[in-house]
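What follows is a set of notes on a single structure, which appears directly below.
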Amino acid sequence: MTTTNDAMEAELKRLFARFDTDSSGYIDEQEFRAILQLLGSDSPREVLSLEFDLIDNDDDGKVGFREFADWWLDSNQQNPG
């Protein structure tokens, strides 16, 4: 892993920990809604639930770090700047 990737991974881990408000090691749907609200989303609850379900790749009802990182990086590539 390069230094840039290491720095990015460290930043993603800091973000994940910030959003994991109950320190469970996962982001639940309520925490995910809070993330999107912080990012300015005003989507209805149903839309946010669908987005959460798409990110929860293993369908365990929670988002782990790797799922979060993949989503975050994908979102930022689609919406740079």
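Return the residues of the range 25-43 that are open to solvent by 100 Å² or more (accessible area, probe 1.4 Å) and closer than 21 Å to ASP59 by Cβ; say none if nothing qualifies.
Result: GLN30, single match.
Which residue, of ASP22, ASP70, is assigned to a helix (DSSP H, G or I), open to solvent by 70 Å² or more (accessible area, probe 1.4 Å) and not β-branched (Val, Ile, Thr)?
Details: ASP22 fails: assigned to a helix (DSSP H, G or I).
Within the list ASP22, ASP70, the selection yields ASP70.
For the range 25-40: of the residues being free of Cβ contacts under 8 Å to residues at least 24 places away in the same chain and outside any loop (DSSP other than H, G, I, E, B), which is farthest from TRP72 (Cα to Cα)?
Looking at residues that are free of Cβ contacts under 8 Å to residues at least 24 places away in the same chain and outside any loop (DSSP other than H, G, I, E, B), I get GLN30.
Looking at the structure I just gave you, is ASP60 charged (D, E, K, R), within 16 Å of SER75 (Cβ to Cβ) and surrounded by 10 or more Cβ atoms within 10 Å (Cβ to Cβ)?
no
Within the range 7-24, can you find the residues that are over 16 Å from LEU73 (Cα atoms) and touching a residue at least 12 places away in the same chain (Cβ under 8 Å)?
THR21, SER24
If you scan the range 41-56, which residues turn out to be part of a loop (DSSP other than H, G, I, E, B) and modelled with pLDDT of 95 or more? Please lay out each step first, then the result.
So the first thing to find is which residues in the range 41-56 are part of a loop (DSSP other than H, G, I, E, B), and the list is 41-44, 56.
Across the range 41-56, the qualifying residue is only ASP56.
So, of the residues in the range 44-57 that are more than 20 Å from GLY25 (Cβ to Cβ) and of a type outside the set (Asp, Glu), which turns out to be least open to solvent (accessible area, probe 1.4 Å)?
LEU48
The values are calculated or read from the model by the stated rules, or taken from the named source; none is laboratory data. Just so it is clear, the structure is predicted and the values come from calculations on it, not from any experiment. Note that each Cβ is placed from the backbone with ideal geometry, even for glycine, and that neighbours are counted across all protein chains shown. Accessible surface areas use protein heavy atoms only, side chains included; no ligands, DNA or RNA. Shrake-Rupley method; radii C 1.70, N 1.55, O 1.52, S 1.80 Å.
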